[in-house]
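**Q** Handing you this structure, nothing more for now.
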Amino acid sequence: MTISIIGHGYVGLVTAAIFADLGNTVWCVGRTKEKIEQLKKGKMPFFEPSLAELVKRNLQAERLKFTLNYGQAIPPAKVIFICVGTPSKDNGEADLSQVFSAFSSIAKNLTDYKVIVTKSTVPVGTNKKLKALINKAKKKNAQFDLASCPEFLREGTAISDTLHPDRIVIGTNSKKAQKILLELHKPIEGERVLVGIKEAEMIKYVANALLATKISFANMTAFLCEKVKADGEKVLNGVGLDKRLGRVFLYPGIGYGGSCLPKDVKALIKIGESFGEKMGILKEVEWINQSAVKKFIEKIIKSLDNNLQDKIIAVLGLAFKPNTDDLREAPSLKILSFLKKKEPKLKIRVYDPQTREKAKKILRDVVYSNNPYQAVEKADILLILTEWNEFRQLDLKKIKKLMRQPIILDGRNIYEPEKVKKLGFKYLGVGR
Ligand code: NAD
């Protein structure tokens, strides 16, 4: 099949590369000349494991093509996927301007029959508005059907998530579109969930809201465990082994971040309120998430005897989670910006395996180290803010010798408290 993908972010580029690798001809449309030129040369706009190799292979095979021109990409395509961003507006609603702009450009270039699929996360009812927009802008004889196939990939494991998803949601009110989408997805494993457009739009938000709820529930448990001096990890393990509950996403830490959970929780609250529902649970989920950052900051300040002046803080990990360079809504940025604002003379030294170039544009007044050992030199405290695998087996004896004060604040609970304490560190995790 010939297909077109609008947007080459984490979702668009992975989807494009995988459908090309499965033998389809794929046009990937962007809006920035410089980025499209880089992509044509096989240069990635972000880090995702194994994606560069996949893109290069399919560029060479001429199955994957990049363009700025909708006029080139839309006419030959049978299916068009919209994978543009839907960030939060200041009031928490989803900002749909990228989606509407992409649909306007598609409408102008519609010729014969197409299935237009929204992969971007959009509020229930959006496809109805998009249908009206296309009907108004398209040429009289151009035919189309709409579908909603929300995306569930996780950054860091995006390729395997796309090839082996738990489920593929195909939401459409057209049998013809459903048949075409089932055929296109044939080589991909995963249960098919065949629903209407509204159900598909809802599934994505509700899934993300429930994931965020599990994280906040784990953090709420951790807050209480700290007060009653119980080990929250052991408590959550005991709870999560119940198959009805599950341990996945039931981990305490410094809260959820990234480009999806924070914005989707906010948007679902707004959607609910617009229909007269209070969405109270989700407001608490957000509040606990903010508290997780606040409580971690309080621990840092207390561990440094309420005096940040001229202190050196070493930080391992900035990305909102491991195996990505995505810093959107990363708790690390909130923590470090707060500390720097509170004490401008504070020195911060950071090491993260992938985010350096992106971070430099956001966090200017910090020193970027080349490895964890360089970051901890003469530091008064070490903060673990992302659970990259390479931090799990560091030479802690060496780290202790390099630091000015042996204090570790582990925001991701990657170390065994007893082992670290035995080495002479003061150690604090989350919920234990
Ligand atoms: P992103 O911001 O990384 O990428 C969006 C891309 O769309 C950019 O390349 C941008 O240049 C391009 N774009 C915007 N308007 C355009 C236009 N008119 N024409 C052509 N290109 C245009 O976003 P993302 O992280 O890939 O997310 C995309 C959507 O998928 C969002 O709705 C998000 O909520 C959802 N989603 C994301 C993830 C994830 O892990 N990132 C997972 C599941 C779902």
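**Q** Between Arg392 and Glu199, what is the spin-label point distance in nm, taking each point 7 Å from the Cα along the Cα→C-beta axis?
**A** Result for the modelled spin labels: 3.9 nm.
**Q** If you don't mind, another one. Can you compute the charge dipole magnitude of region 196-432 about its Cα centre, using +1 on each Lys and Arg Cβ and -1 on each Asp and Glu Cβ, nothing else charged? Give it in debye, rounded to the nearest 20.
**A** Numbers: 46 positive and 29 negative charges, 136 e Å.
Here region 196-432 has a charge dipole of around 660 debye.
**Q** Points 7 angstrom from Cα along the Cβ direction at Arg154 and Lys278: gap in nanometres?
**A** Placing both labels 7 Å along Cα→Cβ, they lie 3.3 nm apart.
**Q** How far is the Cα center of region 192-249 from the Cα center of region 48-67, in Å?
**A** So the separation of the two Cα centres works out to 36 Å.
**Q** Something else: Using a 1.4 Å probe on the protein heavy atoms, what percent of the accessible area of region 2-195 belongs to carbon and sulfur?
**A** Accessible surface attributable to carbon and sulfur in region 2-195 totals 49 percent.
**Q** May I pose another question? How big is the dipole moment of region 96-169 about its Cα centre under a simple scheme where the beta carbon of each Lys and Arg is +1, that of each Asp and Glu is -1, and everything else is neutral? Debye, nearest 20, please. Let's see the in-between values first.
**A** Numbers: 12 positive and 6 negative charges, 123 e Å.
My answer is approximately 580 debye.
**Q** Val239: net charge of surrounding residues, Cβ under 12 Å, Lys/Arg +1, Asp/Glu -1, itself excluded?
**A** On the way: positive: Lys214, Lys234, Lys243, Arg244, Arg247; negative: Glu233, Asp242.
Residues near Val239 contribute +3 overall.
**Q** In nm, to one decimal, how far is the modelled label at Ala132 from the one at Phe100, with both set 7 Å along Cα→Cβ?
**A** Here the answer is 1.1 nm between the modelled labels.
**Q** Then there's this: May I ask you to list the trypsin sites (Lys or Arg not before Pro) in region 272-335 that are in a DSSP loop and have at most 14 other Cβ atoms within 10 Å of their Cβ? Mind dumping the intermediate values first?
**A** Values: sites: Lys278, Lys283, Lys294, Lys295, Lys299, Lys302, Lys311, Arg328, Lys334; in loops: Lys278, Lys311, Arg328.
Answer in residue order: Lys278.
**Q** Using a Cα distance threshold of under 16 Å, what count of lysine pairs results for region 52-161 when pairs must be 8 or more residues apart or interchain?
**A** Total qualifying Lys-Lys pairs in region 52-161 comes to 22.
**Q** Could you size up the charge dipole of region 2-195 around its Cα centre, putting +1 on the beta carbon of Lys and Arg and -1 on that of Asp and Glu, and report it in debye to the nearest 20?
**A** 940
**Q** Leaving out ligands, DNA and RNA, what percent of the accessible area of region 196-432 is carbon and sulfur, probe 1.4 Å?
**A** On the way: 6620 of 11860 Å².
That share works out to 56 percent.
**Q** Tell me which of Gln178, Val11, Val195 sits at the most positive position along the dipole axis of region 2-195, charges placed on C-beta atoms (Lys, Arg +1; Asp, Glu -1).
**A** My answer, from the dipole projection, is Gln178.
**Q** Pull out the extension gain between Asn173 and Arg244, defined as 0.36 nm times the separation in residues minus the alpha carbon to alpha carbon distance; nm, one decimal. Walk me through the numbers on the way to the answer.
**A** Details: separation 71, 0.36 × 71 = 25.56 nm, distance 3.30 nm.
Result for the pair: 22.3 nm of gain on full extension.
**Q** Positive end of the dipole of region 196-432, charges at C-beta (+1 Lys, Arg; -1 Asp, Glu), about the Cα centre: which of Ala292, Val228, Leu304 has its Cα farthest in that direction?
**A** Leu304
**Q** Still on this structure, please answer the following. I'd like to verify something in the chain: which complete DSSP H helices, judged by Cα projection on the helix axis, reach 15 Å or more and average at least 1.0 on the Kyte-Doolittle scale? Numbers along the way, then the final one.
**A** On the way: long enough: 10-21 (17 Å, 1.58); 97-108 (17 Å, 0.61); 126-137 (17 Å, -0.63); 197-228 (47 Å, 0.61); 261-274 (20 Å, 0.08); 280-303 (34 Å, -0.03); 331-342 (17 Å, -0.01).
Within the chain the helices that satisfy the rule are 10-21.
**Q** Right, another one. Which one of Gly23, Ile313, Pro353 has its Cα pushed farthest toward the positive end of the charge dipole of the chain, where Lys and Arg give +1 and Asp and Glu give -1 at the Cβ?
**A** Ile313
**Q** Rounded, prolate or oblate for region 41-93? Axes are the square roots of the Cα gyration tensor eigenvalues, ordered a ≥ b ≥ c, and the cut-off for rounded is a/c under 1.5.
**A** Numbers: a/c = 2.77, a/b = 1.33, b/c = 2.09.
Here region 41-93 falls in the oblate category.
**Q** Further question on the same structure: Taking θ as phi - 60°, what are the ³J(HN,Hα) couplings along region 384-397 by the Karplus curve (6.51, -1.76, 1.60), each to the nearest whole Hz, with x for Gly and Pro?
**A** The phi angles translate into 9, 10, 9, 8, 4, 4, 5, 8, 6, 10, 6, 7, 5, 5 Hz.
**Q** I would also like to ask the following. Using a Förster distance of 45 angstrom, determine the FRET efficiency expected from the C-beta separation of Gln38 and Asp305, and round it to 0.05. List each step's numbers first, then the result.
**A** Numbers: r = 48 Å, r/R0 = 1.08.
Between Gln38 and Asp305 the formula returns 0.40.
The values are calculated or read from the model by the stated rules, or taken from the named source; none is laboratory data. Quick caveat: nothing in here was measured; it's all calculated off a predicted structure. We place every Cβ from the backbone using ideal geometry, glycine too, and count neighbours over all the protein chains shown. SASA here: full protein model, heavy atoms, side chains in, ligands and nucleic acids out. Shrake-Rupley method; radii C 1.70, N 1.55, O 1.52, S 1.80 Å.
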